[in-house]
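Below: one structure, written as structure tokens.
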Amino acid sequence: MTSTLLRNAAVIATMDDSDTLLHNASIRIVDNRIEAIGPADEITGGADETIDASGHILIPGLVNTHHHFYQTLTRNVPAGQDSDLFNWLVAHYPIWARMDARAIDASTRIAIAELMLSGCTTAADHTYIWPNDARVDDQIHAAAEMGFRFHAARGSMSVGQSRGGLPPDHAVEDEDFILTDSQRVIETYHDDSHGAMTRIVLAPCSPFSVSTDLMRETAALARTHRVHLHTHLAETLDEENYCRELFGQTPVEYAEANGWVGDDVWFAHMVHPHEAEIGRLGEHRCGVAHCPSSNMRLASGVAPIRALQDAGARVGLGVDGSASNDCSHMLGEARQAMLLQRLANGPDGLSARQALRLATRGGAEVLGRDDIGHLAPGMAADIVGYRLDSLPLAGAAVHDPLAALVFCWPPQVDLSLINGRLRVHRGELLGVDVPSLVKRHNAIATALVNG
């Protein structure tokens, strides 16, 4: 067994049930779990590795519940800069359909690097287009090499424009193949053990890009193998109009009718549920990935996350697609969530601490995990630290260091441990040649967009 001591942190925010804040405190890690946490003078003794955390605030690693890694290749594409969701998708589908395994690998690494430097240690990615030789395996291998905790969604689209869907026909897959490959991925990679680094999620894209049969059969397959389900739902009013016209139901009614509710299901966005539907979503303990930046970027609306929480729904944060957010900064997303809820609901719409809880404990609950999201003995050692003497926090951290992380311009992480392994130290991503990765990624992005 190997041991690590994070010594003399200025502040540790545990995000436990009591929202405990410790001052001048330390954390002892053995292998990949927290062994002890408390005042520095009580956490003593040697360790294989000692890291000086003085001048830092330590918090649980942030948990990202919705992303599209591949979209880092199409950030800020002019054709989609001023579009709503449906027109934005139509502008991007032809570009994404040219991706291959190299594109998936490079975009996954860029997204993970950016997330890690923001303080994120776990993410669920929802890639739903698999053209040419691209496979979810490419993402899983990249995440494993970078030491990142990863919920890989085997997403899918099966209904093209000729059958009334939104994506072009050449961008969708055969449904029998989708189900067969989904089972293969589960059997090959899914790990439901404590501290698992890889879990599989089944994730048809949306009501406007897959068939009702695929929704039902995917749910049955997931429940046979006890993996979670994820899809976009109630993101825009255009989606509601589509569902009413095609199915005679709202998006939430459609999900309910096809077995897509329960504590093994979470939805991206949920911007436009009806009042009665909010109560039912809470009763079913459904999860919601709140994506404020994307919802603002595409003018989709403001999700009623407080009402969803009050009803009993599990709510976390997601940075969403890097082409509808244009960055992958989880701490920044917490800030956006706080500001947007205040704009919609007043100054008590969401506090800084509530926003951070969404980004940590809330995200863990959405992903169905009880081993991450807060700091306590026995929990997986996913811990990030921010310097309190940085320029963005000047004049703020001295008053309230935890709230400063959200109220101020979001800083980059100074240190990060994932599963007990040091992945970011002194602000540098370890084991990754970032300039070379960016150069390779930009070359692929340029070729994709230029056709």
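The values are calculated or read from the model by the stated rules, or taken from the named source; none is laboratory data. What you see is a predicted model, and the numbers here were worked out from it, not measured in a lab. For neighbour counting, all protein chains shown are included, and Cβ atoms are generated from backbone atoms with ideal geometry for every residue, glycine included. Areas reflect the complete protein model, heavy atoms only, side chains present, ligands, DNA and RNA absent. Shrake-Rupley method; radii C 1.70, N 1.55, O 1.52, S 1.80 Å.
Annotations for the structure displayed:
- Note on the range 136-229: enclosed helices (runs of 4 or more DSSP H) holding 1 or more residues that are of a type in the set (D, E, K, R) and under 24 Å from Glu365 (Cβ atoms) are 212-225.
- Matching residues, the range 76-103, being open to solvent by 10 Å² or more (accessible area, probe 1.4 Å), part of a loop (DSSP other than H, G, I, E, B) and in contact with a helix residue (DSSP H, G or I) (Cβ under 8 Å, 6 or more places away or on another chain): Val77, Ser83, Asp84, Ala97, Arg98
- Against the conditions (1) surrounded by fewer than 16 Cβ atoms within 10 Å (Cβ to Cβ); (2) assigned to a loop (DSSP other than H, G, I, E, B), Gln249 satisfies every one except (1).
- Selection status of Glu240, at pLDDT 95 or above, open to solvent by 40 Å² or more (accessible area, probe 1.4 Å) and either over 22 Å from the mean Cα position of the chain (by Cα) or over 23 Å from Leu166 (Cα atoms) (or both): no
- Within the range 252-304, being of a type in the set (Gly, Ala, Ser), open to solvent by 20 Å² or more (accessible area, probe 1.4 Å) and closer than 13 Å to Glu235 by Cβ holds for Ala299, Gly301.
This table checks each residue for (1) farther than 22 Å from Arg335 by Cα; (2) under 19 Å from the mean Cα position of the chain (by Cα).
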| site | (1), (2) |
| --- | --- |
| Arg357 | no, yes |
| Val366 | no, yes |
| Arg369 | yes, yes |
| Gly378 | yes, no |
| Ala381 | yes, yes |
| His425 | yes, no |
| Leu430 | yes, no |
| Asn450 | yes, no |
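- Restricting attention to the range 301-334 and to residues that are charged (D, E, K, R) and in contact with a His (Cβ under 9 Å, 6 or more places away or on another chain), the residue that is nearest to Gly61 (Cα to Cα) turns out to be Glu333.
The rows are residues; the columns are (1) of a type in the set (Phe, Trp, Tyr); (2) over 30 Å from Leu448 (Cα atoms); (3) open to solvent by 40 Å² or more (accessible area, probe 1.4 Å); (4) in a strand (DSSP E or B).
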| site | (1), (2), (3), (4) |
| --- | --- |
| Met1 | no, yes, yes, no |
| Ile12 | no, yes, no, yes |
| Asp19 | no, yes, yes, no |
| His23 | no, yes, yes, yes |
| Arg28 | no, yes, no, yes |
| Ile34 | no, yes, no, yes |
| Ile43 | no, yes, no, no |
| Gln71 | no, no, no, no |
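- Residue that is nearest to Met379 (Cα to Cα), among those in the range 404-451 that are open to solvent by 30 Å² or more (accessible area, probe 1.4 Å) and hydroxyl-bearing (Ser, Thr, Tyr): Ser436
- The set of residues in the range 205-237 that are among the β-branched types (Val, Ile, Thr), farther than 18 Å from Leu281 by Cβ and crowded, with 18+ Cβ neighbours inside 10 Å comprises Val210, Thr218, Val227.
- Search result, residues across the range 314-332 that are open to solvent by 10 Å² or more (accessible area, probe 1.4 Å) and either assigned to a helix (DSSP H, G or I) or of a type in the set (A, V, I, L, M, F, W, C) (or both): Cys327, Gly332
- Residue that is farthest from Leu117 (Cα to Cα) [pool: residues in the range 142-153 that are touching a residue at least 24 places away in the same chain (Cβ under 8 Å) and either of a type in the set (Asp, Glu) or open to solvent by 10 Å² or more (accessible area, probe 1.4 Å) (or both)]: Ala144
- Residues of the range 363-389 satisfying the condition of being among the aliphatic types (A, V, I, L, M), out of contact with any helix residue (DSSP H, G or I) (no Cβ under 9 Å at 6 or more places or on another chain) and open to solvent by 10 Å² or more (accessible area, probe 1.4 Å): Ala376, Met379
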